[in-house]
Amino acid sequence: MDSLLQNLRAVLGRDAVISEPDELLVFECDGLAHYKYPPRAVVFPRTTGEVSEVMRVLARERVPFVPRGAGTGLSGGALAISRGVTIELARMRRLLKVDLENRLAVVETGMVNAQLSRAVAKFGLHYAPDPSSQASCTIGGNIAENAGGIHCLKYGTTTDHVLGARVVLSDGRIVDLGGAGAACAGYDLLGVFVGSEGTFGIATEATVRLTPNAPAVRTMLADFTDIDDASRAVSAIIAAGIIPAALEMVDGATIRAVEASVFAAGLPLDAAGALLVELDGLEAGIDVETARVRSSLSIRGTQTKWRASKRPGAKSWRRA
Ligand SMILES: Cc1cc2nc3c(=O)[nH]c(=O)nc-3n(C[C@H](O)[C@H](O)[C@H](O)COP(=O)(O)OP(=O)(O)OC[C@H]3O[C@@H](n4cnc5c(N)ncnc54)[C@H](O)[C@@H]3O)c2cc1C
């Protein structure tokens with residue numbers, strides 16, 4: 001057997017290293033299946049120490065590596081070009097600590113994004129970065145891609161919610177970047193690491209901010225006969241000093257594609273575009289803000305519809 005595989009199995013055990021061509025098929029691409037690069041092997045470490053040992057073996061044998069979370073990336077970051085070894089974090093997905101007083105959590109980075117919010121929902125908290133892939137993508141992949149989601153307009157992207165990371169460097173050294181404290185002295189190495197697509201090392205643990213669930217939520221869907229009016233409505237809302245939790249535009253072609261698919265959501269087929277607006281905050285005042293958004297949406301040529309959010313705490317609110 002290949003000495004590299006022998007050395008990796010010596011570190012991780014037989015069940016944590018795969019190398020048969022059929023086993024590797026699923027790891028040859030990410031969410032964008034146009035580009036395919038089968039790795040030489042895939043390893044499944046369970047601890048930071050094991051990741052470190054794997055990195056030492058690969059550095060010694062001068063074999064390239066690529067970390068991988070859930071493989072939902074669309075930019076080829078998790079592809080093992082040059083027959084490298086894929087380091088798959090799926091077995092490192094524990095919630096290590098919830099610190100309610102400081103509203104933070106420490107997780108292993110193979111944890112799936114939505115699972116963190118589910119785990120802390122009983123405390124009225126959630127993890128704010130919410131890429132549309134959140135049911136399957138991992139916190140580690142989010143850190144590497146600085147992922148954002150529908151709520152990043154108000155709440156920011158991953159970089160605004162990661163306080164610290166334990167990282168294994170390419171020579172196997174383990175370093176802690178950032179931390180739970182209010183500010184860290186020196187260069188913002190965590191800031192450099194977030195968004196670096198796994199090129200600086202492998203994050204094995206992350207300390208992340210938890211955000212309180214908003215007590216009140218209002219969701220509006222406005223459809224427009226003219227896409228320019230939808231754009232003007234966006235400018236009008238922002239110019240009015242309102243930062244919606246979400247403000248998403250869908251154009252007419254996309255509406256029709258969605259409605260023709262299994263994801264049909266009842267969007268109006270004749271619209272040139274639609275805006276989804278979500279407001280959140282305290283119960284007191286949210287209806288005033290909703291009325292202000294509503295007047296910003298009422299632009300010439302606009303047909304406006306509203307419907308209730310399915311999010312917990314949302315109230316039904318209909319067109320007057
Ligand atoms: C249907 C769909 C919807 C999407 N919606 C959004 C969206 O709304 N917003 C958005 O930003 N993205 C979105 N994406 C893209 C993708 O889901 C995100 O980039 C996500 O962060 C990738 O996470 P992952 O765990 O799948 O990472 P992977 O695809 O496995 O890896 C992505 C990159 O992260 C690196 N990496 C993975 N784990 C680690 C680690 N522990 N340490 C260091 N580097 C690591 C990999 O090497 C690679 O470079 C979407 C993708 C799909 C398929």
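The values are calculated or read from the model by the stated rules, or taken from the named source; none is laboratory data. The structure displayed is predicted, hence computed values, not measured ones. Here Cβ is always computed from backbone atoms with ideal geometry, including for glycine, and neighbour counts include all displayed protein chains. Quick note on the areas: whole protein, heavy atoms, side chains included, nothing else; ligands and nucleic acids left out. Shrake-Rupley method; radii C 1.70, N 1.55, O 1.52, S 1.80 Å.
Summary table
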item: The stretch 216-305 - percent relative contact order, Cα under 8 Å, separation 6 or more; result: 50 percent
item: Per-residue HN-Hα couplings for the stretch 118-123 [Karplus 6.51, -1.76, 1.60; θ = phi - 60°; Hz; x = Gly/Pro]; result: 5, 5, 9, 4, 5, 9
item: Choice from Ala121, Ala260, Ala70 showing the highest fluctuation, given a GNM over the chain with Cα pairs closer than 10 Å; result: Ala260
item: Under Karplus coefficients 6.51, -1.76 and 1.60, residue-wise ³J(HN,Hα) of the stretch 246-263 in Hz, glycine/proline x; result: 9, 8, 10, 10, 10, 8, x, 4, 5, 4, 5, 5, 5, 5, 8, 10, 5, 8
item: Rh by Kirkwood over Cα pairs, then Stokes-Einstein D for the stretch 1-94 at 0.890 mPa s and 25 °C, µm²/s; result: 186 µm²/s
item: Cys184 paired with Leu153, simple spin-label distance in nm, labels 7 Å along Cα-to-beta-carbon; result: 3.2 nm
item: Check: the chain dipole with +1 on Lys, Arg Cβ and -1 on Asp, Glu Cβ, in debye; result: 620 debye
item: Nitroxide proxy distance, nm - points 7 Å out along Cα→Cβ at Arg83 and Glu259; result: 5.3 nm
item: For Ala216, distant residues with modelled amide H under 5 Å away; result: Gly281, Glu283
item: Net dipole in debye of the stretch 3-88 [+1 Lys, Arg Cβ; -1 Asp, Glu Cβ; about Cα centre; nearest 20]; result: 300 debye
item: Accessible area in the full protein assembly, largest first, 1.4 Å probe, for Asp228, Asp130, Asp2; result: Asp228, Asp2, Asp130
item: Extension reserve of the Met249-Lys122 stretch, reckoned as 0.36 nm per residue once the Cα distance is removed; result: 42.5 nm
item: Percentage relative contact order, the chain, counting C-alpha pairs under 8 Å, at least six apart; result: 14 percent
item: GNM flexibility winner over the chain from Arg46, Arg62, Arg83 (Cα, springs under 10 Å); result: Arg62
item: Order of exposure, largest accessible area first, which applies to Asp226, Asp280 with probe 1.4 Å; result: Asp226, Asp280
item: Relative contact order [Cα under 8 Å, 6+ residues apart], the stretch 43-113, whole percent; result: 30 percent
item: Nonlocal amide H pairs with Gly149, under 5 Å, H built at 1.01 Å; result: Asp130
item: Percent of Cα-Cα distances greater than 21 Å, calculated over the stretch 95-212; result: 30 percent
item: Interchain or long-range residues, amide H under 5 Å from Gln134's placed H; result: none
item: Degrees between helix 48-60 axis and first principal axis of the chain (Cα, 0 to 90, nearest 10); result: 60 degrees
item: Solvent-accessible area per residue, Å², over the stretch 216-305 with all protein chains present [probe radius 1.4 Å]; result: 46 Å²
item: Candidates Ser261, Ser133, Ser298, ranked by Gaussian network fluctuation over the chain, Cα under 10 Å, top entry; result: Ser261
item: Rounded to the nearest 20 debye, dipole of the stretch 95-212 from Cβ charges on Lys, Arg, Asp, Glu; result: 340 debye
item: The chain: Lys pairs at Cα distance under 21 angstrom, eight or more positions apart or on different chains; result: 6
item: Percent accessible area from carbon and sulfur atoms, the chain, protein chains only, probe 1.4 Å; result: 54 percent
item: Scattering curve values for the chain, log₁₀ I(q)/I(0), Debye with Cα scatterers, q = 0.06, 0.07 Å⁻¹; result: -0.26, -0.35
item: Karplus (6.51, -1.76, 1.60) ³J(HN,Hα), θ = phi - 60°, over the stretch 193-206, in Hz, Gly and Pro reported as x; result: 5, 5, x, 8, 6, x, 7, 9, x, 10, 7, 10, 9, 9
item: P(r) histogram, all alpha-carbon pairs of the stretch 83-131 included - 5 Å bins from 0, percent; result: 5, 19, 28, 21, 12, 7, 4, 3, 1, 0
